[in-house]
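The values are calculated or read from the model by the stated rules, or taken from the named source; none is laboratory data. Keep in mind the model is a prediction, meaning the values are calculated, not measured. Ideal geometry is used to build each Cβ from the backbone, glycine not excepted, and the neighbour counts take in all protein chains shown. Areas reflect the complete protein model, heavy atoms only, side chains present, ligands, DNA and RNA absent. Shrake-Rupley method; radii C 1.70, N 1.55, O 1.52, S 1.80 Å.
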Amino acid sequence: MEARNGRSAHGTGRTARGARHAVTESRVTLRVNDTEHRVELEHSATLLEVLREALGLTDSQKGCDDGRCGACTVLLDGRRVNSCLLLAVAQEGREIVTVEGLVAAAHAEDDRHPLRPAAEERDVLRCAYCAPEQHRPAAEAPTAGDSAQPSVVTEIDLPTDAPVRLTADEVRDRLSGHLCRCGAYPNRADTGLDVVV
Amino acid sequence: MKPVSYVNPRTLKEAAAAHGGRPEARYLGGGTNLVDLMKLGVERPDVLVDITRLSLDAIEEQADGSLRVGATARNSDLATHPAVKERYPMLAQALLSGASGQLRNMATTAGNLLQRTRCGYFQDLSRPCNKRVPGSGCGAIEGVNREHAVLGHSSHCVATHPSDLAVALAALDALVELVGPGGVRTVPLTEFYLLPQDRPDLETVMRPGELVTAVLLLAPPAGSVSRYRKARDRAGYTFALASVAAVVRLERGAVRHVTVAFGGLAHRPWRARRTEAALLGTSPTPETIERAVEAELADAVPLRHNAYKVELARGLAHEVLSTLTTRPGTP
Ligand SMILES: Cc1cc2nc3c(=O)[nH]c(=O)nc-3n(C[C@H](O)[C@H](O)[C@H](O)COP(=O)(O)OP(=O)(O)OC[C@H]3O[C@@H](n4cnc5c(N)ncnc54)[C@H](O)[C@@H]3O)c2cc1C
Ligand code: SF4
Ligand code: FES
Ligand code: FES
């Protein structure tokens, strides 16, 4: 798939020569949701901008654009990151999964994540702007990526290989990388607990 | 954002050549601070040298019992490394108290140490700031300075260093390994950062083009215990107003080893040498701990909006040192 973020590219810019010739745009291959995309981009373009503007994947939201709100969260090589602070040019060869990718994977398996009914039951959402991303840490907690990480509320003297117990405080701390302007936090944390405990 | 070249070297030599020690060149780690500052126009590099593919991300136990942490090891990997959880739990506490899960997955060890101050005037191009534009003045000294320094500041700059990791490393007597045109050298973390004096634009002892390649942690003193405690405006996802890192080893109730470092109070992690000296060899009581903490904080010079920091730091240090000196399990 070919895409571009608005301006034309001149050269690769990924060699030491690039510095001398002041190449500021490149053509790179990004692997997003199991699909390779050839993208022409400015080096200053963030991954979030390329996902939204060049690839049309708009479930990753631009909230704060400076790392504070979590609305732009994607998985990079299986771990959650803020795509607004990543330069797209530096992500060649890495595996990127957006909310669209997670949803497609769930549909392919004819699977409704248990968080969905739990969230509906508790009537969690207000405007739902933060919803796709807010679901993720709770959904991930028991299984994926950084699940083995304790948060700061976890007793640190825990034996090294003991699993982290997902207490209410633990779930809340995991959600803390996601701001919700409607303040739907209490129900959100309870929903997480519904499915993990 | 200003257009920028991007270089993706595979060896240290290529990285050094691409950087060339030029003031407009920047190494790119996780980018969580640099990209943010580029958006704000505070950083305007003409070339970014990506160092995340240099294979500098290993965390390795050495034969002598020390731990070598590669410069690009991610904060989340460091916090959960078995050797860190077992031998430097305070380091894990410091890392996990910072930022968010997403940011810790991106942030690198060296990038964390070299992140710039969160001073709002530094980040706002319309304000004077000696750190950003030497000689332009300091917006914070007479401005809103609730989050600024109470120790070691100057009439040129009252900024604080924002890293939690650096505070823990200061108390652990860590070493920073640097590679540059002059070869390899190691600098104790406690000597790595500069006080602002009349050149707040100079923040570390790094020379032009030097790259941090690793942080070295010595084996902790046998039988020592450690703790990191951080106070902030809300329980999660925000920077320290004040913090304390400490390592203590007791022998029959008496302090045989003690290091204490404050965060959030100064332009660099602040080693409380006077507190340490006052405690060493004593069998601490609440009163002696109080006097020891006071020995360091008596020098504090608060600004208009941050006198609360001294009281906050006092309370944190008291709690941390009391906990560590009454902890069961130490002979
Ligand atoms: C919302 C938010 C909340 C945060 N909260 C906290 C917090 O509570 N506690 C905390 O400690 N931090 C916090 N942070 C800061 C975060 O920890 C730092 O941004 C991060 O650690 C920087 O690491 P990086 O690898 O992304 O650095 P980069 O942004 O890549 O680099 C930072 C600087 O270091 C230089 N650099 C990087 N690596 C090297 C190297 N090897 N050699 C020489 N120079 C190098 C770069 O050129 C740049 O100048 C927060 C950040 C955000 C956005
Ligand atoms: S405190 Fe330092 S960083 Fe902040 S405005 Fe003053 S000179 Fe700049
Ligand atoms: S848009 Fe990335 S964290 Fe807010
Ligand atoms: S429900 Fe509106 S932002 Fe979270």
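What to note about this one:
- Computed over the alpha-carbon pairs of the range B:225-326, the distance histogram in 10 Å steps reads 16, 51, 26, 7, 0 percent, short to long.
- Build a GNM of chain B with springs between Cα atoms under 10 Å apart, and of B:278, B:240, B:92 the one that fluctuates most is B:278.
- Estimated inter-spin distance, residue B:11 and residue A:123, nm [label 7 Å along Cα→Cβ]: 6.6 nm
- Helices in chain B, meaning DSSP H runs of at least 4 residues, each add -39500 (n - 2.57). Divided by all residues, the mean residue ellipticity at 222 nm is -7500 deg cm²/dmol.
- Most positive-pole-ward Cα, B:63, B:109, B:179, against dipole of the protein assembly as shown from beta carbon charges: B:179
- Per residue, the accessible area of the protein assembly as shown comes to 42 Å² when a 1.4 Å probe rolls over the protein heavy atoms.
- Applying the criteria of a DSSP loop state and at most 16 other Cβ atoms within 10 Å to the trypsin sites (Lys or Arg not before Pro) of the range B:28-73 yields B:53.
- Accessible surface of the range B:3-43 [probe 1.4 Å, protein heavy atoms]: carbon and sulfur percent: 57 percent
- The range A:13-103, accessible surface, carbon-and-sulfur percent (1.4 angstrom probe): 44 percent
- Annotation: lysines with alpha-carbon distance below 24 angstrom to residue B:85 (same-chain offsets under eight excluded): B:230.
- Take each residue in B:18-31, count the other chain C-beta atoms within 10 Å of its C-beta, and the mean is 2.
- Projecting the Cα atoms of B:246, B:209, B:8 onto the charge dipole of the protein assembly as shown, computed from C-beta unit charges around the Cα centre, puts B:209 farthest toward the positive end.
- For the peptides A:66-72, B:208-214, A:81-87, B:293-299, residues were scored by their other Cβ atoms within 10 Å and the scores averaged per peptide; the highest-first order is A:81-87, A:66-72, B:208-214, B:293-299.
- Largest first, the residues B:87, A:94, B:229 sort by 1.4 Å accessible area into B:229, B:87, A:94.
- Among B:322, B:153, B:163 - extreme Cα towards positive end, dipole of the protein assembly as shown, charges at beta-carbon: B:153
- In the B-A interface, the accessible area buried, summed over both sides, Å² (probe 1.4 Å): 3500 Å²
- Overall form of chain B per C-alpha gyration tensor (a/c, 1.5; a/b vs b/c): oblate
- Prolate/oblate/rounded label for the protein assembly as shown (Cα gyration tensor, a/c 1.5): oblate
- Computed over the range A:13-103, relative contact order equals 31 percent, with contacts defined as Cα pairs under 8 Å that lie 6+ residues apart.
- Lys, Arg +1 and Asp, Glu -1 on Cβ, resulting dipole of chain B about Cα centre, debye, nearest 20: 320 debye
- Set of the range B:60-95 residues, backbone N closer than 19 Å to the point 7 Å along the Cα-Cβ line of residue B:39: none
- Sequence of B:206, B:90 from largest to smallest accessible area, 1.4 Å probe: B:206, B:90
- Neighbour net charge for residue B:295 - beta-carbon separation under 11 angstrom, K R +1, D E -1: -2
- Within 10 Å of the Cβ of each residue in A:82-88, the mean number of Cβ atoms contributed by other protein chains is 6.
- Lys, Arg +1 and Asp, Glu -1 on Cβ, resulting dipole of the protein assembly as shown about Cα centre, debye, nearest 20: 1240 debye
- C-alpha long axis of helix B:286-297 to longest principal axis of chain B, angle in °: 30 degrees
- About its Cα centre, the dipole of the range A:13-103 is roughly 340 debye, where the only charges are +1 on Lys and Arg Cβ and -1 on Asp and Glu Cβ.
- Qualifying lysines (Cα of each under 25 Å from Cα of residue B:2; at least 8 residues distant if same chain): A:62, B:39, B:131
- Of B:43, B:287, B:319, the one that fluctuates the most in a GNM where chain B has Cα springs shorter than 10 Å: B:287
- Residues of the range B:105-145 whose accessible area, computed with a 1.4 Å probe over protein heavy atoms, drops by at least 30 Å² once all protein chains are present relative to their chain alone are B:105, B:106.
- Gyration tensor (alpha-carbon) shape descriptor, the range A:13-103, a/c threshold 1.5: prolate
- With a 10 Å cut-off around each Cβ of A:40-48, the average count of Cβ atoms from other chains is 3.
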